[in-house]
Amino acid sequence: MAADIQLSEAISRVKPSATIAVTTKANEMKRMGLDVIGLGAGEPDFDTPENIKEAAIRAIREGKTKYTPSDGIPELKEAICGKFARENGLVYKPSQVNVSPGGKAVLFNALIATLNVGDEVVIPAPYWVSYPEIVLLAGAKPVAVACGANSNYKLTPEALEAAITPKTKWLILNSPSNPTGAAYSYAELKRLAEVLLRHPQVWVLTDDMYEHLVYDGFEYSTIAQVEPALYDRTLTMNGVSKAYAMTGWRIGYAAGPEKLINAMRKVMDQSTSNPCSVSQWASVEALNGTQDFLPGFRAAYQARRNFMVEGLNKAAGLICPKPEGAFYVYPSCAGVIGKKAPSGTVIDTDKTFAAELLEAEKVAIVFGEAFGLPGTFRISYATSDAALKEALVRIQRFCAALS
């Protein structure tokens, strides 16, 4: 009998992704013939725009299917530089740009390249589930800072100041946020920057993946744009997944100081090597081509957000704020904690609430504990209007049945 393999200490520090687990379970239930509405996946339901798909087909026909430089083709790096200058007022050279197989890989490459045992990374909570896990994989310590509804789920200058220690190496800032949809205004970023300027050892990794998905006339800003003095210690990350409905194409990108970009490329040289060549050429078209579809995407998401916020606030015991961006709502379920489900189970946590909702009404959501803030849950409204309408009926019915 073969001996069990001894796993690394690094992998023992990491939990599975709760968002992937919820989506996997919902899909398994659907394959069993159950009428499940999955609201767990952070994935646009729109198709990739035609001009982008045609660019990929053209790349295949032209034989652009070979290895590329590890961290991106020159044409895509030029397009990224153009995007940052045009949309964010940030000037970068191609040598300051990294292209990775998805935004998650950008984070992994940057943190693996810079973190040592004992380093700390400040992460506002609620947070995207992968932030603390990648920090743990790198052997460092994630420092979660609770940002509740009283601060609109956003980090305050006072909370940031209190979290920073001599061991702090990074602040990870995500706007608009996954999971809450909260977005930082120019003034809010300016106040955070004032704190960071007092702590020159702290770098900023800003995750701008949902930049184009903001509503009600919200004006988007990124921190290196707001405070140029932070330019030399900021990694500005973005990607094509969300705004361009290209999740499966797996292209994330970032720009920052050359020393950091070179270190990230070294990680890629010995791990993934280059992102998919065809996806890179499609991304060139995404960034350089027409952006005419974006207003339509935004309008659809904004209408869905409004519909979900209104409907969730009609559910007994739930309170749902209206977020500025992304395609998530993040309600509090504190009002149902302690109540009993029709199954007889007491709703003692948000995790139990999510499990009972799935069991009773076949609606899949992600519980808030996974994002570092218990008593809440996340819903993705990146799905059809019909599915959202039916989901609200089921959620309201479930909450009304609690006693």
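The values are calculated or read from the model by the stated rules, or taken from the named source; none is laboratory data. Since we're looking at a predicted model, the values are computed, not measured. Please note: Cβ atoms are built from the backbone with ideal geometry, for glycine as well, and neighbour counts cover all protein chains shown. Note: areas computed on protein heavy atoms with side chains; ligands, DNA, RNA excluded. Shrake-Rupley method; radii C 1.70, N 1.55, O 1.52, S 1.80 Å.
Mind listing the Cα extents of the stretch 303-378 along all three principal axes, in Å, largest one first?
For the stretch 303-378, the Cα spread along each principal axis is 36, 25, 20 Å.
What length, rounded to one decimal in nm, is gained on full extension from S151 through to S12, with 0.36 nm per residue of separation minus their alpha-carbon distance?
That pair, S151 and S12, stretches by 46.7 nm at full extension.
What is the total of Lys pairs in the stretch 244-368 with C-alpha atoms under 25 Å apart, excluding same-chain pairs fewer than 8 positions apart?
Close lysine pairs found across the stretch 244-368: 12.
Could you please state, rounded to a whole Å, how far the C-alpha centre of the stretch 34-84 is from the C-alpha centre of the stretch 89-129?
Comparing the Cα centres of the stretch 34-84 and the stretch 89-129, I get a distance of 20 Å.
So which aspartates and glutamates pass the test for K25, namely a Cα distance under 12 Å, with those fewer than 8 places away in the same chain ruled out?
Candidates past the 8-residue exclusion: E359.
Give me the base-10 log of I(q)/I(0) for the stretch 1-131 at each q in 0.12 Å⁻¹, Debye formula, one uniform scatterer per Cα, rounded to two decimals.
For the requested q values the scattering log ratios are -0.87.
May I ask for the Kirkwood hydrodynamic radius of the stretch 111-156, worked out over all distinct Cα pairs and given in angstroms to one decimal?
11.1
Considering only I123, G89, G103, whose Cα is most displaced toward the positive end of the charge dipole of the stretch 39-149, charges sitting on Cβ of Lys, Arg (+1) and Asp, Glu (-1)?
G89
Provide the three semi-axes, in whole Å and in decreasing order, of the ellipsoid equivalent to the stretch 148-262 as defined by the square roots of 5 times the Cα gyration tensor eigenvalues.
For the stretch 148-262, the ellipsoid semi-axes come out as 23, 19, 12 Å.
Filter the chain for me: DSSP H helices, axial length by Cα at least 18 angstrom, mean Kyte-Doolittle hydropathy not below -1.0. List them by residue number.
18-31, 294-312, 385-401
Based on alpha-carbon positions alone, could you give the equivalent ellipsoid semi-axes of the stretch 190-331 from the gyration tensor, as √(5λ), descending, whole Å?
Calculated on Cα positions only, the semi-axes equal 31, 23, 14 Å.
Once the dipole of the chain is set up with Lys and Arg at +1 and Asp and Glu at -1 on Cβ about the Cα centre, which of S185, G217, N150 lies farthest towards its positive end?
Towards the positive end, the residue furthest out is N150.
Which percentage, to the nearest 5, of the DSSP beta bridges contained in the chain is antiparallel?
45
Mind giving me the FRET efficiency for S403 and I5? R0 is 45 Å, r the Cβ-Cβ distance, nearest 0.05 is fine.
E between S403 and I5, to the nearest 0.05, is 0.40.
Dipole of the chain, Cα-centred, from +1 at each Lys and Arg C-beta and -1 at each Asp and Glu C-beta, to the nearest 20 debye?
300
Which value results when the Cα radius of gyration for the stretch 117-199 is divided by 2.2 N^0.38 Å?
1.04
Give the accessible surface of the chain per residue, rounded to a whole number of Å², with probe radius 1.4 Å and ligands, DNA and RNA excluded.
That works out to 42 Å² per residue.
First obtain the Kirkwood hydrodynamic radius of the stretch 1-58 from its Cα pairs, then insert it into the Stokes-Einstein equation at 10 °C and 1.306 mPa s, and state the resulting D in µm² per second as a whole number.
102
Once you compute Rg and the Kirkwood Rh from C-alpha atoms, what is the Rg to Rh ratio for the chain?
Looking at the chain, the ratio lands at 0.97.
Probe 1.4 Å, all protein chains in place: accessible area of M246 in Å², nearest 10?
The value for M246 is about 0 Å².
Give me the Å³ per residue figure for the convex hull around the C-alpha atoms of the stretch 54-96.
It is 72 Å³ per residue.
For the stretch 73-137, max minus min Cα coordinate along each principal axis, in Å, sorted largest first?
Result, largest extent first: 36, 23, 19 Å.
When you count, for each residue, the other Cβ atoms within 10 Å and take the mean per peptide, how do 103-109, 25-31 rank with the highest first?
103-109, 25-31
Which percent of the accessible area of the chain is formed by carbon and sulfur heavy atoms (probe 1.4 angstrom)?
About 55 percent, which is the carbon plus sulfur part of the accessible surface.
So what's the stretch 247-341 giving for Cα Rg divided by 2.2 N^0.38 Å, two decimals?
1.68
Over the stretch 3-142, what relative contact order in percent results from Cα pairs under 8 Å that are six or more residues apart?
25
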